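Single-structure report; data block below.
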Amino acid sequence: MGCNNHEISIVITDDAQVRDLNRTYRGKDAPTNVLSFPMQEGEFSDITPGLLGDVVISLDTARAEAIAAGISTDERMSQLLIHGILHLIGFDHELGENQAREMEEKSLELLRLIEKNLDLTAF
């Protein structure tokens, strides 16, 4: 994906902390499953050129979603981590149908590299 010499920070936390971050940075007063904070865009993007950014995952929400989907928590965490990383490198499913499809295709491609369950779908 062109990021061989880059780092990411991964935070696995609970719904309360994700809710606080979601409220502070997105104006949404609710927990969510994954948040991404890119460091390669904006005014200070040149401060740490090797850092793609941060991915924050709520384990509480991931567990609940895994149960609802009939998959393991580890599989759900893989889906969420890939989704968050793709946001860090510029994919955005909220920009329209074409971008959502591209992000889903890339998600599935990456998921197949790390998960053995071939029935597992993209985010």
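Taken together, 36, 107 contain a single residue that is assigned to a helix (DSSP H, G or I) and either touching a Leu at 6+ places or on another chain (Cβ under 9 Å) or of a type in the set (Phe, Trp, Tyr) (or both), which is 107.
When 67, 85, 57 are checked against the criterion of being part of a helix (DSSP H, G or I) and within 20 Å of residue 7 (Cα to Cα), 85 stands alone in meeting it. Can residue 78 be described as assigned to a helix (DSSP H, G or I), among the hydroxyl-bearing types (Ser, Thr, Tyr), within 15 Å of the chain's Cα centre (by Cα) and modelled with pLDDT of 90 or more? In short, yes.
Please find, within region 89-104, the residue that is surrounded by the most Cβ atoms within 10 Å (Cβ to Cβ) out of those that are part of a helix (DSSP H, G or I) and in contact with a helix residue (DSSP H, G or I) (Cβ under 7 Å, 6 or more places away or on another chain). So the residue we want is 103.
Of the residues 86, 81, 59, 35, the single one that is touching a Gly at 6+ places or on another chain (Cβ under 8 Å), surrounded by 15 or more Cβ atoms within 10 Å (Cβ to Cβ) and under 22 Å from residue 121 (Cα atoms) is 35.
In summary, residue 119 fulfils each of the numbered conditions (1) of a type in the set (Asp, Glu); (2) more than 27 Å from residue 42 (Cα to Cα); (3) part of a helix (DSSP H, G or I) with the single exception of condition (3).
Here is a yes/no grid of residues against (1) closer than 21 Å to residue 18 by Cα; (2) in contact with a Phe, Trp or Tyr (Cβ under 6 Å, 6 or more places away or on another chain); (3) modelled with pLDDT under 85; (4) not β-branched (Val, Ile, Thr):
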site: 63; (1), (2), (3), (4): yes, no, no, yes
site: 101; (1), (2), (3), (4): no, no, no, yes
site: 116; (1), (2), (3), (4): no, no, yes, yes
site: 122; (1), (2), (3), (4): no, no, yes, yes
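With respect to (1) outside any helix (DSSP H, G or I); (2) farther than 27 Å from residue 5 by Cβ; (3) over 16 Å from the mean Cα position of the chain (by Cα); (4) among the polar types (S, T, N, Q), the lone exception for residue 24 is condition (1).
The values are calculated or read from the model by the stated rules, or taken from the named source; none is laboratory data. All values derive from a computational prediction rather than experimental measurement. Note: ideal-geometry Cβ built from the backbone for every residue, glycine included; neighbour counts use all protein chains shown.
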